[in-house]
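Everything below concerns the one structure shown next.
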Amino acid sequence: MSREAHSQEDYRNHNAAQPDTAAISSLSSSEGGVRPAGSTSVVPSEGRGEEAVDFRAPFPSPLSSPRSGGERESAAEPKCVHRIELSHRRAVPLFLRWRSANRILLALSLGAGLGWMASMGCTVARKKGPDFALMAEAWNLMDKEYVDRAALKPSELTYGAISGMVEALGDTEHSTFLTPEMVRNLKNSERGEFKGIGVEIQEKEGRPVVVAPFDGSPAQKAGVRAGDIIVKVFDEDITDWPLDKVVEKITGPTGTPVNLTIRDPHSGHTRRLTLVRADIKVREVTWQLLPGTTAAHLRLAGFDAGAARDLKKALAELRQKGAKGIILDLRNNPGGFLDEAVSVASQFLPSGNVLLVKDSKGRVKPLEAEKGAVCPDLPLVVLINSGSASAAEIVAGALRDNHRATLVGEKTFGTGTVLGQFRLSDGSALLLAIEEWLTPNGESFWHKGLQPQEIVPLPDEADPLLPSNERDMTAAQLQASQDKQLLRAVDLLRSPSESVRRQ
């Protein structure tokens, strides 16, 4: 997706192209609204930032005076995440979480520069606010001296500077900067609508990593798995590319092909895939009674708007069909809206806290389960893996700490903060981690993930079974499947006393 949001018309009145200092200054005055994490849901929050700094006084430059501060959007969250539209979805949702280690022109990214100086032991004079004069000084030098004149693109440099400041926070798997186009894609993702290959990605250790493929997407059908590392796009090595550039390269019109080279994080083997971009409508909730059992396999693919409503309907149906136990499948679920997560967990909890929320001052407040649980009594096992993130981790932690369910599978992704969405004056936005989620027992899973009580790796050659795969299965075919996690969950439901002992 292009980050050239401003027309060159905007700069014809200047002798040289200018960076958008107003967009940067609006960081100081925007109001906040909480967006979920993938991941990417949000909880409304109050608060104002500092007043905008006047760029006109400090230095002799052609920089414009600041526009008014951005608007803080209020939303309910996660996944989230960047879902690439590849599907731009919560991960930042796919949305990418971008950062580049090598943006030569983005020396304007003073945040990263100052962080580097600090790491080298340099002493920097402390100021109450950022040194906008220094930013202008850097811009003027580039504008005057840099040899590649075509590379001096004002919007690219402005967005690079903002991305650099966010990058300097060190929250490389969550907080991020969104261009105006990414903001539009984020709104589509909240409606569960995507165009692309259908994956959510985030940056991990400098590489774009798949958080989860969407159910039924081109990516899932091609065998893309949670944890896969994207190393090439159209045979171009993407090492050191910022995540937004990776997403821009993968995203394209419906029906067109994209070539990816993917590395398996376990074996190190690479494979080249050709995928055809498609319109993707995510169906959040599916379920199936498992053959030869009285257990319902209930798959929750995400926590977008309406997920809890659909879950309530599914729970009523499966009880009517005679289910005596539930396997809640949160594998490869990149998260979604926080209020949806609270409502989903509440359907299984007669009382108690769903999570604890810690703010920037260290204050902790509980979020209690909603009244009127639809299914507070049926035996329950929850499946998780490295693709379970954000809101999925909240639900898993809530059900575990309230002794409502046993967690089976592998360690989760580790997205544990509330993202506040702060709109900037040109339609771009910042997603900033403003609160941390803790499990009801006070456990932090940010950057750590949750460990299941029952650690059951999935064989390298196996994919998780989906309810849609099980409709025509026999009991023998189910038992012969390679989904060891699902089969272990079935065993636990057959021996409820063992399940209780392991909680």
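Within the range 99-108, identify whether any single residue is farther than 30 Å from ASN259 by Cα, open to solvent by 30 Å² or more (accessible area, probe 1.4 Å) and modelled with pLDDT under 75, and answer yes or no.
Looking for residues that are farther than 30 Å from ASN259 by Cα, open to solvent by 30 Å² or more (accessible area, probe 1.4 Å) and modelled with pLDDT under 75, one finds at least one in the range 99-108, hence yes.
Considering only the range 425-448, state which residues are farther than 21 Å from LYS365 by Cα and open to solvent by less than 10 Å² (accessible area, probe 1.4 Å).
SER428, ALA429, LEU431 - these are the residues of the range 425-448 that are farther than 21 Å from LYS365 by Cα and open to solvent by less than 10 Å² (accessible area, probe 1.4 Å).
What single numbered condition from (1) open to solvent by less than 40 Å² (accessible area, probe 1.4 Å); (2) at pLDDT 80 or above; (3) within 25 Å of LYS448 (Cα to Cα) fails to hold for VAL211?
Against the list (1) open to solvent by less than 40 Å² (accessible area, probe 1.4 Å); (2) at pLDDT 80 or above; (3) within 25 Å of LYS448 (Cα to Cα), VAL211 comes up short only on (2).
If you scan the range 271-305, which residues turn out to be open to solvent by less than 40 Å² (accessible area, probe 1.4 Å), part of a loop (DSSP other than H, G, I, E, B) and closer than 19 Å to ARG331 by Cα?
VAL282, GLU284, LEU290, ALA301, GLY302, ASP304
What is the residue count in the range 473-503 for residues that are open to solvent by 30 Å² or more (accessible area, probe 1.4 Å) and modelled with pLDDT under 85?
Going through the range 473-503 one residue at a time, the tally reaches 8.
Of all the residues that make up the range 402-424, how many are more than 19 Å from the chain's Cα centre (by Cα), at pLDDT below 95 and surrounded by fewer than 23 Cβ atoms within 10 Å (Cβ to Cβ)?
So the count comes out to 0.
May I ask you to list the residues in the range 345-390 that are under 16 Å from HIS403 (Cα atoms) and aliphatic (A, V, I, L, M)?
Of everything in the range 345-390, those that are under 16 Å from HIS403 (Cα atoms) and aliphatic (A, V, I, L, M) turn out to be ALA345, LEU349, VAL354, LEU355, ALA369, ALA373, LEU378, LEU380, VAL381, VAL382, LEU383.
Being of a type in the set (Ser, Thr, Tyr) and loosely packed, with under 15 Cβ neighbours inside 10 Å is the filter here, so list the residues in the range 326-377 that pass it.
If the condition is that a residue be of a type in the set (Ser, Thr, Tyr) and loosely packed, with under 15 Cβ neighbours inside 10 Å, then SER351, SER360 are the ones that fit.
Which of (1) on the phi < 0 side of the Ramachandran plot; (2) surrounded by fewer than 17 Cβ atoms within 10 Å (Cβ to Cβ); (3) within 23 Å of the chain's Cα centre (by Cα) does ARG263 not meet, given it meets every other one?
ARG263 satisfies all of (1) on the phi < 0 side of the Ramachandran plot; (2) surrounded by fewer than 17 Cβ atoms within 10 Å (Cβ to Cβ); (3) within 23 Å of the chain's Cα centre (by Cα) except (2).
Please give the number of the condition ASP244 fails out of (1) open to solvent by less than 10 Å² (accessible area, probe 1.4 Å); (2) in a strand (DSSP E or B).
Here ASP244 clears every test but (2).
Mind counting the residues in the range 378-401 that are open to solvent by 10 Å² or more (accessible area, probe 1.4 Å), closer than 15 Å to GLY449 by Cα and touching a Leu at 6+ places or on another chain (Cβ under 6 Å)?
Final tally of qualifying residues: 1.
For the range 158-171, indicate whether the set of residues that are modelled with pLDDT under 80 and either under 23 Å from LEU424 (Cα atoms) or among the β-branched types (Val, Ile, Thr) (or both) is non-empty.
Yes.
Those residues that are at pLDDT 95 or above and part of a loop (DSSP other than H, G, I, E, B), I need them from the range 332-349; list them, please.
Those that are at pLDDT 95 or above and part of a loop (DSSP other than H, G, I, E, B): GLN347, PHE348, LEU349.
The values are calculated or read from the model by the stated rules, or taken from the named source; none is laboratory data. Note that the structure is predicted; figures quoted are calculated from it, not measured. Note that each Cβ is placed from the backbone with ideal geometry, even for glycine, and that neighbours are counted across all protein chains shown. The area values use the complete protein model at the heavy-atom level, side chains included, leaving out ligands, DNA and RNA. Shrake-Rupley method; radii C 1.70, N 1.55, O 1.52, S 1.80 Å.
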